[in-house]
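What follows is a short report on a single structure.
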Amino acid sequence: MAISRRNFLKCAAFTAGGAVLADNPFVKATAKAAMKKDVKYIPSYCEMCFWRCGLVAKVEGGKVVKLEGNPLHPQSRGRLCARGQAGIGLLYDKDRLQTPLIRTGERGDGKYRKASWDEAYSYIAEKLTGIKKKYGPESVALFAHGNGGAYMGNFLEAFGSPNHSHPSYAQCLGAREVAFTLTYGQGPASTAERVDMANSRVIALFGSHMGENMHNSHNQDFVDGLANGAKLIVVDPRYSTAAGKASMWLPIKPGTDLALILAWINIVIQEKWYDREYLEKYATGFDELKEAVKGYTPEWAAKETDLPKQDIIEAIRELGRYKPNVVVHPGRHYSWYGDDTQRGRGLAILNALLGTWGRKGGLWLPPKVNLTKMKETVKYPKPKRESLGFGDYPFASAGITTEVRRATIDGDPYPIKAWFVIGTNLMKTMPVPGKTLEAIKNLDLLVNIDLMPTDMVMMSDVILPSTSYLERHDSLAIVTQKNAGVAIRQPVANPWKNVKPAWLIAKELCNKMGLKKYVEYKTLDEQMRQQAKLWKIDYKKLETTGYIPIPDSYHPYITEKNQPVFATDSKKIELYSEALDDEDMDPVPKYTRHKVPPAGMFRLLYGRSPVHTFSRSMNNKWLYELKSENEVWLSANVARRLGIENGEKVSLVNEKGLKSNVGRVKVTERIREDCVYVIHGFGSTSKRMTLTYGRGIDDAQMMSHYATDPISGTNGMRVNFVKIVKES
Ligand code: MGD
Ligand code: SF4
């Protein structure tokens, strides 16, 4: 629903944020234009990344001309990051997919014919029917990232397969969720990580490159914390942007973080920096922990981590001095070395010792959200065979992409013959892309639902073009910062060309396959209205403000009346994990040494740019202007020894002899000598991505192996070594 500026202000004034909106520079700057007849302001929320900030779109004559942060929405607070503002670049990208396509040539050679939606559905339905008959419905798998995944998940369940998988688990934060759930009974994030940085006295970051890794309100909290005088300790082999703000930078030897964490735990216990009263009340396993970590001395850790012993001691004392109003950030992208759940357990235990869970400046408690669940009238068929996505990993809590890929190659314990892929560029997302190609060869059907002709999309048999987040409804979102609220995604532009939203694709596919009874709604908008009614949310108001807070949800800190709940077996924080012990796994983390690069090679590290999201934003012309290529960060000392100049052309060659694209080198004092660093997501191999094709170095291509975490099944991807080859 569109509203005039006058109405938008009126609606906003109903809420506490109304005054903020009136002061909003976006509204001021456009006040004159807003008086024009054909200017509308429509709130929605962003999906240029998965932080989901509230936005307000200015639409002039039917065209989106500006995206700004919704001041009422706690994830944006009136601001969008560069990517959020550049959403218009995605909406009007001339390379966008326009209509369904069916492959006419070999997979990967880019030859397709245009098809109607009905033709495309019929093609898929025929193939699926054949696969179901020959191999069973479980032989179809889904790889999903983002909102559309839920609808396609419903389609998969209606079809009878349990094989969902998500890169956000195995290649991202899965191990963290498992580690914190083992310790506290839940993860450290709801929508967003519940890190109270704005109120922290000391913040410690393990590799979290805040400011380069851009999550809007999280970065606002970080900056507010620093402005409020928080001390910052950054543990990173690279002098990141955050390290530039730190009172202490610990340039740790890559792969040894757990050594530092265990030594810190030992120091906290030996020097009695822990919060005794808090532990007595809320934790179990202190004595076992104390015994298990006593060998991890600062001297030992100094040798292992290549950090000065005194810095190790001083950093943890600083956290101890200001406890409990401190935080060791739990991190987000976790798939590093294959012992990632245990590293996460270490961080979780450290936070528990310092008493940060539920404390101001620590990790706030989740807001209370008492919203009635919609009654499920649909009963999906029970698959006859179990999901392949969990492998043999006892604590895997979501489908593992690489397990589904493995089963597609091996056919064990049963074959996978069709992949549906939505919102994920698997050629860049899963390590060892050669294995992805091998798996694709075994498929009878590969369908992609996407906006852009990415590397993965161009491997498909059928391409179904999706609406962007600016052109569609998506289910109502529950936003959980310290307060909870409900946010709406609604179209701010008409869908371009012949594209459809995932909810409609899933519904129409169900119809085509005789699975109509599994779809409950006519339109998603209708379902959202029902949901809002059930939650006693004024839908009209939601359409005009974009966000409505849930009353009485704010309970961030422990008080006598507001006690934390730990959903572990013991109902306490488990410093020693019985659950791990029961599976013959280390109940307290143990350090094991990782392989180091051979002479002449460097560990390949990767990270984020604040103006890009994984590989999804590189072809956006506005963001491309800001960063069109990545560089290889190389230590100045090494560069001198190798005779490499700053800006020189180089390529990377990995241990298997695989060679990367040619890129430029950034010679810098800001990185250790044993590693190199690139920003992830570059090096598209799709010629239809006209801006970004062939530009930059693809870190995934250099990943010829990964280390598997035995607890969560997630992929450790920082275990590949490369050498640098001059190309000038
Ligand atoms: P994106 O790169 O954002 O995420 O990896 P992916 O899940 O692949 O790719 C998203 C795809 O979604 C693109 O093809 C884009 O065009 C499409 N898309 C965008 N919006 C929409 C939409 O509204 N609808 C549909 N249907 N499609 C859309 C992320 C994953 O990668 C994650 S979460 C992490 S943390 C890991 N990071 C990482 C890394 O740093 N290095 C390496 N080598 N691998 C990594 N893998 C992981
Ligand atoms: Fe959009 Fe940026 Fe917010 Fe991500 S952090 S949702 S890209 S505005």
Of all residues in region 411-438, which are farther than 21 Å from LYS132 by Cβ and either within 16 Å of ligand 2 (Cβ to nearest atom) or not in a loop (DSSP other than H, G, I, E, B) (or both)? GLY423, LEU426, MET427, LYS428, THR429, PRO433, GLY434, LYS435, THR436, LEU437, GLU438
Please go through region 439-452 and give me each residue that is open to solvent by 10 Å² or more (accessible area, probe 1.4 Å) and part of a strand (DSSP E or B), ordered by number. ASP450
Close pairs from region 106-135: first free of Cβ contacts under 8 Å to residues at least 24 places away in the same chain, partner surrounded by 12 or more Cβ atoms within 10 Å (Cβ to Cβ) and of a type in the set (Ser, Thr, Tyr), Cβ under 7 Å, at least 6 apart: LYS114/THR99
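Which fully enclosed strands (runs of 3 or more DSSP E) of region 37-145 have 1 or more residues being open to solvent by 10 Å² or more (accessible area, probe 1.4 Å)?
The qualifying strands (runs of 3 or more DSSP E) are 39-45, 54-60, 63-69, 101-103, 112-114.
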Filter region 694-714 for residues that are crowded, with 24+ Cβ neighbours inside 10 Å and of a type in the set (S, T, N, Q); the one that is farthest from ligand 1 (Cβ to nearest atom) is SER712
Give the residue, chosen from ILE252, ILE265, ILE261, ILE316, that is in contact with a Ser or Thr (Cβ under 7 Å, 6 or more places away or on another chain) and more than 16 Å from ligand 2 (Cβ to nearest atom). ILE252
Find all pairs meeting these conditions: Cβ atoms under 7 angstrom apart; at least six residues apart or on different chains; first residue within region 301-327 and among the hydroxyl-bearing types (Ser, Thr, Tyr); second residue at pLDDT 95 or above. THR305/ILE252; THR305/LYS253; THR305/THR256; THR305/ALA259; THR305/LEU260; TYR322/ARG201; TYR322/VAL202
So the check is Cβ under 7 Å with 6+ separation or different chains; which pairs have a first residue in region 73-96 that's in contact (Cβ under 8 Å) with a residue 60 or more places away in the chain and among the acidic types (Asp, Glu) and a second one that's open to solvent by 20 Å² or more (accessible area, probe 1.4 Å) and within 16 Å of ligand 1 (Cβ to nearest atom)? ASP95/ARG688; ASP95/THR690
Considering only residues that are away from ligand 2 (no atom under 16 Å from the Cβ), hydrophobic (A, V, I, L, M, F, W, C) and open to solvent by 10 Å² or more (accessible area, probe 1.4 Å), which ones fall in region 453-492? MET458, MET459, LEU476
Could you go through region 664-671 and let me know if any residue there is at pLDDT 95 or above, on the phi > 0 side of the Ramachandran plot and not β-branched (Val, Ile, Thr). no
Report, ordered by the first and then the second residue, all pairs with beta carbons closer than 6 Å, sequence separation of six or more or different chains, a first member in region 589-602 that is at pLDDT 95 or above, and a second member that is open to solvent by 60 Å² or more (accessible area, probe 1.4 Å). GLY600/LYS723; MET601/LYS723
Go through the residues of region 340-347 one by one and say whether even a single one is acidic (Asp, Glu) and part of a loop (DSSP other than H, G, I, E, B). no
Condition first: β-branched (Val, Ile, Thr) and crowded, with 21+ Cβ neighbours inside 10 Å. Now tell me which residues in region 652-666 satisfy that. VAL665
Which helices (runs of 4 or more DSSP H) sit wholly inside region 184-289 and have at least 2 residues that are among the β-branched types (Val, Ile, Thr) and within 18 Å of TRP357 (Cβ to Cβ)? 257-270
Filter pass, SER200 being out of contact with any Asp or Glu (no Cβ under 8 Å at 6 or more places or on another chain) and at pLDDT 95 or above: yes
Which residues, counting only those in region 597-641, are closer than 20 Å to THR429 by Cα, away from ligand 1 (no atom under 14 Å from the Cβ) and either of a type in the set (S, T, N, Q) or open to solvent by less than 20 Å² (accessible area, probe 1.4 Å) (or both)? SER628, VAL632
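The values are calculated or read from the model by the stated rules, or taken from the named source; none is laboratory data. It should be emphasised that the depicted structure is a prediction, and the values quoted were computed from it without experimental measurement. Here the Cβ is made from the backbone with ideal geometry for all residues, glycine too, and neighbour counts use every protein chain on show. These accessible areas exclude ligands, DNA and RNA; they are computed on the full protein's heavy atoms, side chains included. Shrake-Rupley method; radii C 1.70, N 1.55, O 1.52, S 1.80 Å.
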